[in-house]
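S.K.: One structure coming up, written as structure tokens, with questions to follow.
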């Protein structure tokens, strides 16, 4: 066995002449970016492998030998916690013929046996058993046949990221000033040690992943796309959730361009102005819960109620992690026109069972009453972009020429909440990545 | 001056009508017990429920499913549909099989009566774009089994297998699984207390299920 890592470098075909300046302009993007299979194939290398991609939350694999399946774009990986509690990420692709070695979404296992020819790997991805090994010669035995590993894996306060790019900057540098927003969100939810993912809702959408990402920082669509929800809430309860989006640009909400394509919408000044809890549409069991909190928490009751509902921030960690309300949304692109969306609910270890139950009932509100309206619109966008090749452009010029996107004292450029700054910011990063010719490495040496 | 003794619900003014006073820990305990019973792989005594009761339950479930099929064309069907449910009811689509405790993990949907009303009103606004055009559905179900709730003479449990074909905007798809029910005699009416929808693919990505399953 070799004791040093042997790395194989993946070829990344150069695209010439450079089309990216034409496709991604300051205030508009070409439709091909959403519809072209070759661009999608390049994205799977240049975006979903060459930069840090979120793969898992440490709370999903709390015990030694726990594992879960994850992905970097269209690449399938296994995320494990090994016997020494170290988080490991390796390809779910047998080094022999390519079959997946693990076919269960999650579980606990110290080893994985490929169902095809019985090759056995430990939960760090290292090959330790080949049936009929005597039939292999010295050339084979000189090769590293462990499951391949991303060049870098790192965790930020429980959020595990990986990249195939050995030259990618350290994760904290990649997160840059978005880390302080993540910190605010994590701390609002009781801190990294208390945050636990609590199940997932999965949706398949017939659209390019970027149509979903475009919306992740869109403070403009709310009163239109979610009109049914606003009308219903007004008719039944005289107002409530999201009404402050009606005249969004006069609100105190903001939209921030952060480092490396990350962005954030901050709704806290409106949502938490008086009480986030009062803003929330009613959940099953709301009234007895309110009484319980009042009786149990005394002066802290308002704070507990407010922390039961959304954090009032939408934090978008490019390219695939969004912290929305109290939920964690992850995008899994599966084809140029198809994306799987994962909505993870969250619980907290530092609050009681009633609080956690009400978090779940709160989190179940929007997917069926709001998200599906968004999804229908994204799918219609995809159809429109695909079916009208002569209509070339997707617009992102809102507040581009109004001078309202300005640098704040902390150096972060912020705009009114309906600005397209989010798209302009992430597309600048997307273009940088697509223009690059990154090194993508797979490590498959013995650990 | 009103000297009548007001009920607790009348005494307090709730901002959100009807108040959801019943979704408390005891209700969840009951749901978990019912859920395990509905999913049990056992042979039940088919004769334990008399034919008249069995017929009444089959009839109610046929109406329940037919009204949902009619909802796309006539919104009033949803209002009639809701009258089949008890005031204290649950409509639950677990995100896994067997259904996990809804206090511990997220469901695809978990609605009390109030949220069912929210959803009916939302669909009636004509602005729910996920249902423009509306999903037309045709439900087929069979294999109805009915048994008594343990220790009760006014409550029954039931399950059947279903396929649901949906057509929306020129595309059709099939949803399948089994539904579990709790039905209770309340006054002179038999009403639905629980509908638990167990999709065979509830762990896998879902499409636009913004109509009622």
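The values are calculated or read from the model by the stated rules, or taken from the named source; none is laboratory data. None of these values were measured; they are calculated from a predicted model. Here Cβ is always computed from backbone atoms with ideal geometry, including for glycine, and neighbour counts include all displayed protein chains.
S.K.: Against the conditions (1) away from every other protein chain (no Cβ under 11 Å); (2) modelled with pLDDT of 95 or more; (3) surrounded by fewer than 24 Cβ atoms within 10 Å (Cβ to Cβ), where does residue A:306 fall short? Just the number, please.
M.R.: Residue A:306 satisfies all of (1) away from every other protein chain (no Cβ under 11 Å); (2) modelled with pLDDT of 95 or more; (3) surrounded by fewer than 24 Cβ atoms within 10 Å (Cβ to Cβ) except (2).
S.K.: Can you say whether residue A:360 is at pLDDT below 95 and either buried (at least 23 other Cβ atoms within 10 Å of the Cβ) or over 20 Å from the mean Cα position of the chain (by Cα) (or both), as far as the supplied structure shows?
M.R.: No, not satisfied.
S.K.: Restricting attention to segment A:228-248, which residues are surrounded by fewer than 17 Cβ atoms within 10 Å (Cβ to Cβ) and away from chain B (no Cβ under 14 Å)?
M.R.: Of everything in segment A:228-248, those that are surrounded by fewer than 17 Cβ atoms within 10 Å (Cβ to Cβ) and away from chain B (no Cβ under 14 Å) turn out to be A:243, A:246, A:247.
S.K.: Could you list, in sequence order, all residues of segment B:184-201 that are touching a strand residue (DSSP E or B) at 6+ places or on another chain (Cβ under 7 Å) and within 12 Å of chain A (Cβ to nearest Cβ)?
M.R.: B:199
S.K.: Right, here's the next one. Looking at (1) in contact (Cβ under 8 Å) with a residue 60 or more places away in the chain; (2) more than 24 Å from residue A:218 (Cα to Cα), which one does residue A:322 not meet, given that it meets all the others?
M.R.: Exception for residue A:322: condition (2).
S.K.: Let me ask another. Kindly indicate the residue of segment B:79-96 that is more than 13 Å from chain A (Cβ to nearest Cβ) and outside any strand (DSSP E or B) and also surrounded by the most Cβ atoms within 10 Å (Cβ to Cβ) among those meeting that condition.
M.R.: B:81
Residues checked against (1) surrounded by 18 or more Cβ atoms within 10 Å (Cβ to Cβ); (2) not in a strand (DSSP E or B):
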residue: B:123; (1), (2): yes, yes
residue: B:126; (1), (2): no, yes
residue: B:142; (1), (2): no, no
residue: B:152; (1), (2): no, yes
residue: B:164; (1), (2): yes, no
residue: B:167; (1), (2): no, no
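S.K.: For residue B:113, work out the one condition from (1) buried (at least 22 other Cβ atoms within 10 Å of the Cβ); (2) more than 7 Å from chain A (Cβ to nearest Cβ); (3) under 15 Å from residue A:281 (Cβ atoms) it doesn't fulfil.
M.R.: (1)
S.K.: Still on this structure, I have one more. When you scan segment B:98-110, how many residues do you find that are at the interface with another protein chain (Cβ under 8 Å from one of its Cβ atoms) and either surrounded by fewer than 20 Cβ atoms within 10 Å (Cβ to Cβ) or under 16 Å from residue B:213 (Cβ atoms) (or both)?
M.R.: Result for segment B:98-110: 8.
S.K.: Read through the list (1) more than 9 Å from chain B (Cβ to nearest Cβ); (2) crowded, with 21+ Cβ neighbours inside 10 Å; (3) closer than 28 Å to residue A:59 by Cα, then give the number of the only condition that residue A:349 fails.
M.R.: (2)
S.K.: Tell me, yes or no, whether segment A:91-99 has at least one residue that is without any contact (Cβ under 8 Å) to a residue 12 or more places away in the chain, surrounded by fewer than 16 Cβ atoms within 10 Å (Cβ to Cβ) and over 21 Å from the mean Cα position of the chain (by Cα).
M.R.: Checking segment A:91-99: at least one residue is without any contact (Cβ under 8 Å) to a residue 12 or more places away in the chain, surrounded by fewer than 16 Cβ atoms within 10 Å (Cβ to Cβ) and over 21 Å from the mean Cα position of the chain (by Cα).
S.K.: Consider residue A:38 carefully, then state whether it is at pLDDT 95 or above, outside the structural domain of residue A:149 (by TED's automatic domain parsing), closer than 27 Å to residue A:166 by Cβ and surrounded by 17 or more Cβ atoms within 10 Å (Cβ to Cβ).
M.R.: no
S.K.: Then there's this: I'd like to verify a number: residues in segment A:166-218 that are out of contact with any strand residue (DSSP E or B) (no Cβ under 7 Å at 6 or more places or on another chain), over 24 Å from residue B:209 (Cβ atoms) and within 14 Å of another protein chain (Cβ to nearest Cβ), how many?
M.R.: Total meeting the criteria: 0.
S.K.: Identify, by number, the condition in (1) assigned to a strand (DSSP E or B); (2) in contact with a helix residue (DSSP H, G or I) (Cβ under 6 Å, 6 or more places away or on another chain) that residue B:208 doesn't meet.
M.R.: Answer for residue B:208: the failing condition is (1).
S.K.: Give just the number: which of (1) touching a residue at least 40 places away in the same chain (Cβ under 8 Å); (2) within 14 Å of chain B (Cβ to nearest Cβ) does residue A:251 not satisfy?
M.R.: So the condition that residue A:251 fails would be (2).
S.K.: Just one of (1) buried (at least 21 other Cβ atoms within 10 Å of the Cβ); (2) within 10 Å of chain A (Cβ to nearest Cβ); (3) more than 15 Å from the chain's Cα centre (by Cα) trips up residue B:146, so point out which.
M.R.: Residue B:146 satisfies all of (1) buried (at least 21 other Cβ atoms within 10 Å of the Cβ); (2) within 10 Å of chain A (Cβ to nearest Cβ); (3) more than 15 Å from the chain's Cα centre (by Cα) except (2).
S.K.: I would also like to ask the following. Select from segment B:125-143 the residues that are over 13 Å from residue B:73 (Cβ atoms) and at the interface with another protein chain (Cβ under 9 Å from one of its Cβ atoms) and list them in ascending order.
M.R.: Those that are over 13 Å from residue B:73 (Cβ atoms) and at the interface with another protein chain (Cβ under 9 Å from one of its Cβ atoms): B:125, B:126, B:127, B:128, B:129, B:130, B:132.
S.K.: Exactly one condition in (1) out of contact with any strand residue (DSSP E or B) (no Cβ under 7 Å at 6 or more places or on another chain); (2) away from every other protein chain (no Cβ under 14 Å); (3) at pLDDT 95 or above is not met by residue A:288; state its number.
M.R.: All conditions pass for residue A:288, except number (2).
S.K.: Here is a follow-up. How do the helices (runs of 4 or more DSSP H) wholly within segment A:95-210 filter down when requiring 1 or more residues that are touching a helix residue (DSSP H, G or I) at 6+ places or on another chain (Cβ under 6 Å): which remain?
M.R.: Result: A:171-175, A:178-188.
S.K.: Assuming residue A:380 fulfils every condition listed in (1) over 21 Å from residue B:133 (Cα atoms); (2) at the interface with another protein chain (Cβ under 9 Å from one of its Cβ atoms); (3) modelled with pLDDT of 95 or more; (4) out of contact with any strand residue (DSSP E or B) (no Cβ under 8 Å at 6 or more places or on another chain) apart from one, which condition is it?
M.R.: Only one criterion is unmet by residue A:380, namely (1).
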